1. ASP251 versus LYS151, label points 7 Å from Cα toward the beta carbon: distance in nm?
2. Would you work out what percent of the accessible area of the chain, with all protein chains in place, is carbon or sulfur (probe 1.4 Å)?
3. What label, among (1) 6, 25, 26, 19, 14, 7, 2, 0; (2) 7, 32, 38, 19, 3; (3) 7, 28, 31, 22, 9, 3, 1, 0, belongs to P(r) over Cα pairs in 10 Å bins from 0, in percent computed from the structure on display?
4. Could you compute the FRET efficiency for MET107 and GLU207, with r as their C-beta to C-beta distance and R0 at 30 Å, rounded to 0.05?
5. Taking H placed 1.01 Å from N in the peptide plane, check which residues at least 5 places from ILE80 or on another chain put their amide H under 5 Å from its amide H.
6. Mind ranking HIS24, HIS123 by accessible surface for me, highest first, 1.4 Å probe?
7. Check VAL144: other-chain or 5+ apart residues with amide H under 5 Å from its amide H, H built from backbone geometry?
8. Under a 5 Å amide H to amide H cut-off, with H placed in plane at 1.01 Å, what residues pair with TYR254 once short-range neighbours are removed?
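The values are calculated or read from the model by the stated rules, or taken from the named source; none is laboratory data. Remember, it's a predicted structure, so these values are computed and weren't measured experimentally. No Cβ is skipped: glycine too gets one built from the backbone with ideal geometry, and neighbour counts run over all protein chains shown. These accessible areas exclude ligands, DNA and RNA; they are computed on the full protein's heavy atoms, side chains included. Shrake-Rupley method; radii C 1.70, N 1.55, O 1.52, S 1.80 Å.
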Amino acid sequence: MSSFLHRLFRRGKKTAAAFVDFEHWCISMQKLYGQKPDVKVWYQLIRQQYDVVDLVFFGDFSGSLRYELEQIRSVTQNIIETQNSGTKYKKDFTDFLMLDYIYRYSMRNRNVDTYILFTGDGHFTSVVNYLMMECKKEVVIHGVDGATSKKLKDEASACIEFPTAEQKRMQCIQAILRNLDRLNVKRRGRSWVTFMKTVQRVSELEELPEDEVKAGMQYLVDEGYLVREYRYNRGRRIAVLSVEWELLERDKVYSCEGQIR
């Protein structure tokens, strides 16, 4: 494709180069949320908005992070190994290599419109300022919610934190459905599972805020995935729950494997 046709094809989208501190992403997500990064979903997200011309991952992949290499390679082959056995400050070494790479990249690639930096470390404030002030670029920080420097967020053009509010809501819903699945709550079943007992159980077992679980439960009721049925026990009327598993499967909200929509 000629350079003219390429520019015409991507018209309407800004070009972007993305640089990922995978140690920050992976370790913070595991520590704070008990989850692993979903690299493919994240990559699809940035491609919806930008013409991604370069994507580079940084990290020490000599340990447990090596198990994540397969999913990284599904989106890019640009992986910078930052293993450094010569110093105890291993994470600082990753930051140093990533910062050096970004500075050098900015000097060679003047036509990139936007820099996406996936990191939470305040050390990157200087390069954010450089890219914005000296290079006149847009800089978007991607980071893990609860593990991203406030100063870094304030200096950037924009900041997106993960999991997003929608991702958190869907993860909460998945936790609810997994627990109901384990309890073998059938469609039009004969269980004694109730709304508030489920909220309390999921909140405790999954270590989720009770108000978030309650909101997730209400969403499932409002959408018709959970149905209240009234039964009597010793003269008391109790609202118990049944689950429309076929509807959940049809709408790709949940399957027996617990797949996230």
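1. 4.6
2. Details: 7180 of 14910 Å².
That share works out to 48 percent.
3. So the structure-derived entry is (1).
4. On the way: r = 46 Å, r/R0 = 1.53.
Calculated value: 0.05.
5. Excluding prolines and chain starts, which carry no amide H, the hits are PHE57, PHE58, GLY59.
6. Numbers: HIS24 15, HIS123 95 Å².
The most accessible residue leads, giving HIS123, HIS24.
7. For VAL144, the qualifying residues are PHE162.
8. Sorted by chain and number, the residues that satisfy this are GLU249.
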